[in-house]
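Below is one structure, written out as structure tokens, with a few remarks after it.
The values are calculated or read from the model by the stated rules, or taken from the named source; none is laboratory data. If you're wondering where the values come from, they're calculated on a predicted model, not measured in any experiment. Counting neighbours? That spans all protein chains shown, and the Cβs are built from the backbone with ideal geometry, glycine included.
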Amino acid sequence: MSQTGSAISHIECRGCGQTYGLDLTEFPCRECGGILDAKYDYDALGVSRADVADRGGSMWKYRELLPIQDETNIVSLGEGNTPIIDCPDLADELGVARVAIKDEGQNPTNTFKDRGASASLSGASEQGIEEVALPSAGNAGQAAAAYAAQAGIDCHVVLNYQSNDIQKNLVRAHGGELHLAEGKLDAAGDRFGELRAEEGWYTVATFQTPFRHEGKKTLGFEIYEQFDWEAPDEIFYPTGGGVGLIGIWKAYQEFHELGWLETQEPPSLNAVQTDGCAPIVEAIEDEADEHSPWQSPESIGRGIEVPDPGASPWILEAVYETNGTGVAVSDAEALHGAVTSARKAGVEMCVEPGAAMAGAMKLADEDGLDPEDEVLIVNTGAGNKASGPLTYGLHQENRWDGAPGAP
Ligand SMILES: Cc1ncc(COP(=O)(O)O)c(C=O)c1O
Ligand SMILES: [Zn+2]
């Protein structure tokens, strides 16, 4: 076996503190149902910042800080190592020093979900699992199906009727077994729960497996490295379940602990949602430590139409400890954000990152950004994931008058 040099030591429950060995395959915590998190022995890390910086390749360049021990179990399609694209026109428009986009649309299945899929399917592979399952709004299911196929693992994906044809068809194209639930994301979650109870599937669902947010951590690692081991002042993240936001937060904490950062200041993590489903933004406005479930969610940004995000205490910790905030934008503003990114930066976005762009524009409009600020927008998914909503948005363009930054 060729070792990755991973410094992982154990798995710990964030709910009750119970610790588990690396052979754990029953997720989430069997004592309390809490979120499981990978813990590392940083003193045992056998690499320096310079060693890592010199490496090219996928997100696995950070393999010592990822939870896989045997290199042959890594399931990779070349995910990560995505570019930062500078947008001077947008910096002018927002009145800040710099606007950059982290372009996760350039991942193998066109979203940042590939990082979580790569880590969770690698974890399944290392644990000798032959069949996995997850519920998804669409993109995570597509990514899981792709990585499962690469690993020779059977994959069950529970989507709902709102998932788009690209997502449904590509799950099947990768050989995944598609299950469709009647209803919204919560219906897919319920159906997944029933099927899993019957079939005993190994779960790669958000915050059930401890591996997905580990994969997303590499998004943060790359951002800090690409900002020369500093951090942007403000990051705008389209927040659904919060996996990526927590990944960026955990990445900051690990690099900080290792002394790899040139700055003590974390980036302010700003959670952007749409006003039809904004439980995190509402909790931030109420200065609450957890969300209240959102009644009647309705957003065309399906990946952020998450009415009951179970990890809200962790998301809110990340926002509060970094002096971030919450911003809610309308669906029309999100589409306008996506089109603005295409026109001003050449970066194609789907609806969810369009919301993040619109959130930055809105905060700038409300004088919430500093002229010195370096601002990073996370483009979580490419424009080709949202051709339907974009058709609608472009027809509605004349209604954008009044939206922050509208032409
Ligand atoms: C394109 C896109 N952006 C953002 C999100 C929200 O992700 P997170 O769970 O990290 O909040 C999703 C989730 O489905 C998504 O597909
Ligand atoms: Zn527990």
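State yes or no: is Pro313 crowded, with 21+ Cβ neighbours inside 10 Å and either of a type outside the set (D, E, K, R) or more than 18 Å from Ile377 (Cβ to Cβ) (or both)? Spelling it out, it is not the case that Pro313 is crowded, with 21+ Cβ neighbours inside 10 Å and either of a type outside the set (D, E, K, R) or more than 18 Å from Ile377 (Cβ to Cβ) (or both). Out of Gly80, Gly56, Gly95, Gly123, which single residue is modelled with pLDDT under 95, out of contact with any Gly (no Cβ under 8 Å at 6 or more places or on another chain) and not basic (Lys, Arg)? Within the list Gly80, Gly56, Gly95, Gly123, the selection yields Gly56.
Tell me yes or no: at least one residue of the range 134-151 is touching a strand residue (DSSP E or B) at 6+ places or on another chain (Cβ under 6 Å), farther than 20 Å from Glu348 by Cα, assigned to a strand (DSSP E or B) and modelled with pLDDT of 95 or more. Yes, the range 134-151 contains at least one residue that is touching a strand residue (DSSP E or B) at 6+ places or on another chain (Cβ under 6 Å), farther than 20 Å from Glu348 by Cα, assigned to a strand (DSSP E or B) and modelled with pLDDT of 95 or more. Among the helices (runs of 4 or more DSSP H) confined to the range 239-347, the ones with at least 3 residues that are touching a Lys or Arg at 6+ places or on another chain (Cβ under 6 Å) and more than 16 Å from ligand 2 (Cβ to nearest atom) are located at 243-258. Across the range 25-45, the number of residues qualifying as in a strand (DSSP E or B) and more than 11 Å from ligand 2 (Cβ to nearest atom) comes to 3.
Residue count for the range 1-24, restricted to those that are assigned to a loop (DSSP other than H, G, I, E, B), more than 15 Å from ligand 2 (Cβ to nearest atom) and surrounded by 13 or more Cβ atoms within 10 Å (Cβ to Cβ): 5. When the range 69-88 is filtered for residues that are of a type outside the set (S, T, N, Q), assigned to a loop (DSSP other than H, G, I, E, B) and in contact with a strand residue (DSSP E or B) (Cβ under 8 Å, 6 or more places away or on another chain), the ones remaining, listed by number, are Pro83, Cys87. For the range 356-383, a tally of residues being outside any strand (DSSP E or B) and over 14 Å from the mean Cα position of the chain (by Cα) returns 18. Residues in the range 17-73 that are of a type in the set (Gly, Ala, Ser) and in contact (Cβ under 8 Å) with a residue 12 or more places away in the chain: Gly33, Gly34, Ala38, Ala44, Gly46, Ala53, Gly56, Gly57, Ser58.
Entry remark, the range 50-70: residues being surrounded by 15 or more Cβ atoms within 10 Å (Cβ to Cβ) and either among the charged types (D, E, K, R) or within 28 Å of Ile129 (Cβ to Cβ) (or both) number 12 in total. Restricting the first member to the range 208-231 and to residues that are over 11 Å from Gly80 (Cβ atoms) and surrounded by 24 or more Cβ atoms within 10 Å (Cβ to Cβ), and the second to residues that are among the polar types (S, T, N, Q) and at pLDDT below 95, the beta-carbon pairs closer than 7 Å and six or more apart or on different chains are Ala231/Thr263.
Suppose the filter is more than 15 Å from the chain's Cα centre (by Cα), small (Gly, Ala, Ser), more than 16 Å from ligand 1 (Cβ to nearest atom) and at negative phi; does Ala133 pass it? The answer is yes for Ala133.
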